[in-house]
Structures are given as structure tokens and as C-alpha cells.
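Everything on this sheet refers to the single structure shown next.
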Ligand code: ARG
């Protein structure tokens, strides 16, 4: 029996139930639905809408439903449209007539919005914790990279040498911004919609403020229409998750390149690489490739949700049921990627000699020659042209650049020293730059940032981390 059978004369068509049911996916909200219902019942008791005795009966029934869901004995029925229906139906079976009081002053519209916010709050915190864990791995690898260096690239062409630590921390800072975004999205979604009813509030003396604080929300909705129709929090969460996935994708692409024979900068640990079913010699970077591939999927989750929202009139529309699967999918896929990449970065071996060889090519210090001339008074544009001419000459006539520099009246042997192995990277001395001085400073700043994020997430998780009934 549906929750709305009183209004309609006929029983719902099988096709209607098959097409509109959300239970197959929203059963994942069971734990949050029970949490919301418990707070709702306590609010009804405080408001005098339900007696203390009836409240206790309802809470006990909800408790039992929780146990049944957790241990797999909960019997779902074909008529259970969604998790809210299933829980209320079962509460009524357990609590008898008292069960009929559970939904007082409430609609599934404010209920589902509440459930999804509780879910998103918990998951964003858990995911931010996993992003911080990956930052910690990068920080540790950067710390132990010492003075190792490799070519820095623009346009995927070798440009200037950079410390390996600098390169790894470039990814680290992107992840740190992701944590900020996840935390910020979580802060904005920390609003309880419960008490908005179907769309307009209630004639009954509900207590939305009390219910909000009971649920641990920072506050309650300001506008009931907005409360039941707002899915900005899903869109924001999805964007924060998707951009994180895009960062993992870029890291994955780099690992793919670095682990090729052509590049040879990285060797994946055997436990984090795959083989080929046909080619006996293969060692493939599948985690890195999937980190790259799955970003496309999250982009789909985000854009799909935005498309769902764009034409909706106020307030609740059934289209909003389409909010859940993209969010669940993005959460699951990102969690997998973060954990797998943390393993990859913990265990990958960097070939420091190959990196050094690639970075010590003669032209990596070209701009150092130009800057050397600038320090001696030459306008930069002139110095640039002079060095560019020497490089062209060196390439075309196949003469070592050092020879041309040594012979040039404006340069000479003192300037040749700039071309020595490992010299150029030491000259990047400006704040935030790629040389040893600024990178030492950056390592300390990054460690402080990550530690602060780790502490903030600990507080947001309330010590509990992620809990929840897993409903199969
Ligand atoms: N399963 C629905 C959803 O996810 C719950 C709300 C249904 N509300 C309604 N008025 N039919 O959005």
C-alpha cells in the first residue's frame, strides 16, 4: 500500500511503481532516514503533538527497524516506493496505531532533503580526510626527494629544471584547495530542511530549530519552498568531488607518462600495476589510467545533475529524485581513486638518474644565461635574443652550447658554469620558486597546511568518522 492511496481510487499500475520507485538506490539513505525520523519524533514530543509514551513507542520501533536493516532481516515489500515509505510501513507494523503518528507535520519532500544533507555532510568529511591522506603521502615523498630534480615542462616540452619535491607539491597544493572546497561545501549545506513540510510549513506547532540542533545541523531553513527544492548542495558537492577527480586524472596522466619506457621517470610497485593477458612482458599503469578515465564519469554526474535542476519550477518536483545516484556514484568513485592513488604514490619508485639526465640537457639553463647577462646590465630582450641565437647556432651547426658560450665576448667561461649539471635548479631562488631555498620553505608551509586540514577534519567528523548501516 502506498502512502498516498487515500486520494486515488485505483491501485497503482505496476509500470508506475517500476518506473518511479527509488528504493533500489535510496535504501542507501536508510541510516540517515532513521536519524531524521528519530529527531522528528523527539520534536513532536517536545511540541506536545505526540505523547511521551507514544514517542517512546515510535523511537523503539525505529530502533528495531535500524537493527533489521543492519542485520539484513528487514523485509522490503514490492509496494515500498522508497526508503521513507519502507521505514514508515515497517514502523507502523511494529508500533501499531501509534505508527500512524510518525509522519505528523512532515512530508517526504523535507524528509528526503534532510536525509541527503546528512549523507552529504558525512561523506564530504570522510572524502576530505582521504584527500588529506593523499596530501600526506605527497608531502612525505616530497620531503624525502631531497635535492632530486627533473625537467619542468610547458607545452610538454622541457623548459627549466625543477626540484622533484616542487613538482610533487604542485599536486599537493591542488589537493589542499580541494579539501578547502569540500569543507566549504559541507559548511554551506549544514542546514536542516525538516519542518518545511511538503512546501509551505505547517499549521502544527513544529520545532524546526530544535530538530535542526538535535540533528547536529548548524541551523534550519529560512524558506520552506527553498528548503524542499534546493539541491545546490548536491551540485556544489558534485563540483568539489569532480574537480578533485580532475586533479587525480592529471596526476594519473603524469604517472602514465612517467612509467613509459620513453620517459622512464617512475616504476610502479608490482602490487599497484597490472599485467597483460596476452603479452608476457607488459606492466601496465591501470590505476593511473582509471584515475584519468573516471574523471569523465564524475563530470557526467555533475552535468547530469545540473541539467536535471535547470528547468525546475518551485518547489519539489519528482525530477529531484534524480539527485541521488550521481552523488552516490561520485562519492564511491572518488573514494576508490583516492585510496588507490595513495597506494601508488606511497610505493612508486622514482628513477632519479633518469630525471637528472633529462634535466641536465644543455638548454635547460638558457634563461640562466640571459639572466646572467641581465645582472650585468643588458636589457632582457637583448639577452634573450643573444642566447636564442646561440642555441639556434648550436642546434644547426651541432656545436656544444658550452663552446659557443665560452667563445662569446659577453659571456665566457664564467657563464659556462651555469650550464653544469644540477646548477640551473639551484638558481630558482624566488618565493614559491623551484629551487632548494624556496622549496624548503614550501615544504614547511605545506606540512602546516596539511596538519591544519587534518585537525579541522577531525573536528568536523566529531570523532566518529563515517558510520552507517550498509543496506544491501
Ligand atoms: N523518493 C522521493 C525522492 O527521492 C522522495 C520524495 C517523494 N515526494 C513526493 N512528493 N513524491 O525525491
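No value in this document is a laboratory result; all are computed from the given coordinates. These figures come from a predicted structure and were not determined experimentally. Glycine also receives a Cβ, built like all others from the backbone with ideal geometry; neighbour counts cover every protein chain displayed.
Checked against the criterion of being under 30 Å from residue 432 (Cα atoms), surrounded by 23 or more Cβ atoms within 10 Å (Cβ to Cβ), away from the ligand (no atom under 16 Å from the Cβ) and more than 26 Å from the chain's Cα centre (by Cα), the candidates 127, 150, 156 yield just one match: 150. The number of residues in the range 377-398 being closer than 30 Å to residue 352 by Cβ and in a loop (DSSP other than H, G, I, E, B) comes to 1.
Of all the numbered requirements in (1) in contact with a helix residue (DSSP H, G or I) (Cβ under 8 Å, 6 or more places away or on another chain); (2) under 23 Å from residue 314 (Cα atoms); (3) more than 16 Å from the ligand (Cβ to nearest atom), residue 197 misses one, and that requirement is (3). Residue 174 fulfils the conditions (1) surrounded by fewer than 23 Cβ atoms within 10 Å (Cβ to Cβ); (2) more than 17 Å from the chain's Cα centre (by Cα); (3) touching a residue at least 12 places away in the same chain (Cβ under 8 Å) except for a single criterion, (2). Applying the set (1) within 21 Å of residue 122 (Cβ to Cβ); (2) free of Cβ contacts under 8 Å to residues at least 40 places away in the same chain; (3) within 16 Å of the ligand (Cβ to nearest atom) to residue 32 leaves exactly one unmet item: (2).
With respect to the conditions (1) touching a residue at least 40 places away in the same chain (Cβ under 8 Å); (2) in a loop (DSSP other than H, G, I, E, B), residue 183 falls short on a single one, namely (2). The listed residues are 381, 398, and the only one of them that is at negative phi and exposed (fewer than 13 other Cβ atoms within 10 Å of the Cβ) turns out to be 381. Of the residues that sit in the range 67-86 and are within 14 Å of the ligand (Cβ to nearest atom), within 31 Å of the chain's Cα centre (by Cα) and part of a helix (DSSP H, G or I), which one is surrounded by the fewest Cβ atoms within 10 Å (Cβ to Cβ)? Result: 84. In summary, residue 429 fulfils each of the numbered conditions (1) in contact with a helix residue (DSSP H, G or I) (Cβ under 7 Å, 6 or more places away or on another chain); (2) part of a helix (DSSP H, G or I); (3) under 30 Å from residue 168 (Cβ atoms) with the single exception of condition (2).
I'd like the full set of residues that are buried (at least 21 other Cβ atoms within 10 Å of the Cβ) and assigned to a helix (DSSP H, G or I), limited to the range 40-54.
Pass one, the range 40-54, residues buried (at least 21 other Cβ atoms within 10 Å of the Cβ): 40-41, 43-44, 50.
Selection gives 40, 41, 43, 44.
Being more than 9 Å from the ligand (Cβ to nearest atom) and without any contact (Cβ under 8 Å) to a residue 12 or more places away in the chain is the filter here, so list the residues in the range 311-332 that pass it. Those that are more than 9 Å from the ligand (Cβ to nearest atom) and without any contact (Cβ under 8 Å) to a residue 12 or more places away in the chain: 311, 313, 332. For the range 200-249, the set of residues classified as at positive phi and under 13 Å from the mean Cα position of the chain (by Cα) is empty.
Conditions (1) surrounded by 15 or more Cβ atoms within 10 Å (Cβ to Cβ); (2) farther than 30 Å from residue 401 by Cα, marked per residue:
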{"position": "263", "(1), (2)": "yes, no"}
{"position": "269", "(1), (2)": "no, yes"}
{"position": "291", "(1), (2)": "yes, yes"}
{"position": "305", "(1), (2)": "yes, yes"}
{"position": "328", "(1), (2)": "yes, yes"}
{"position": "334", "(1), (2)": "yes, yes"}
